[in-house]
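The next block holds one structure in the form of structure tokens; read it before the comments.
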């Protein structure tokens, strides 16, 4: 999971660098260029924030789902252990 995060950050950084380089070599006035860079940075920041929020929601959903599944498995294992223990105590095993 950590490696995937590093790859994602690398892709975002490369894309950002590409946009900035593209803007710097574009034939625009300095004032217009700075405004475009500010606007693009704001857009990227908002999109990244949205992606991170969505990823966090999905992670929380998965965490909850796995937590419920783990509790159910634990309860089933406890029930089975109790049944085996009861059968052993009653001389059935």
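In a helix (DSSP H, G or I) and more than 15 Å from the chain's Cα centre (by Cα) - does that describe any residue in the stretch 47-56? Reasoning before the result, please.
First, the residues of the stretch 47-56 that are in a helix (DSSP H, G or I): 47-56.
Those left that are additionally more than 15 Å from the chain's Cα centre (by Cα): none.
Scanning the stretch 47-56, I find no residue that is in a helix (DSSP H, G or I) and more than 15 Å from the chain's Cα centre (by Cα), so the answer is no.
Given the condition exposed (fewer than 13 other Cβ atoms within 10 Å of the Cβ), modelled with pLDDT of 75 or more and closer than 21 Å to residue 59 by Cα, answer yes or no: does some residue in the stretch 11-34 qualify? Scanning the stretch 11-34 turns up at least one residue that is exposed (fewer than 13 other Cβ atoms within 10 Å of the Cβ), modelled with pLDDT of 75 or more and closer than 21 Å to residue 59 by Cα.
Please indicate, with yes or no, whether at least one residue in the stretch 77-92 is modelled with pLDDT of 80 or more, assigned to a helix (DSSP H, G or I) and either loosely packed, with under 10 Cβ neighbours inside 10 Å or on the phi > 0 side of the Ramachandran plot (or both). Yes, the stretch 77-92 has at least one match.
Each row is one residue, and each column tells you yes or no for (1) farther than 30 Å from residue 18 by Cα; (2) in contact with a helix residue (DSSP H, G or I) (Cβ under 8 Å, 6 or more places away or on another chain).
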| residue | (1), (2) |
| --- | --- |
| 36 | no, yes |
| 39 | no, no |
| 42 | no, no |
| 45 | no, no |
| 53 | no, no |
| 66 | yes, no |
| 81 | yes, no |
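Restricting 37, 21, 9 to those that are assigned to a helix (DSSP H, G or I) and within 17 Å of the chain's Cα centre (by Cα) reduces the list to 9.
The values are calculated or read from the model by the stated rules, or taken from the named source; none is laboratory data. Because the structure is a prediction, the values reported are computed rather than measured. Neighbour counts run over all protein chains shown; Cβ positions are idealised from the backbone, glycine included.
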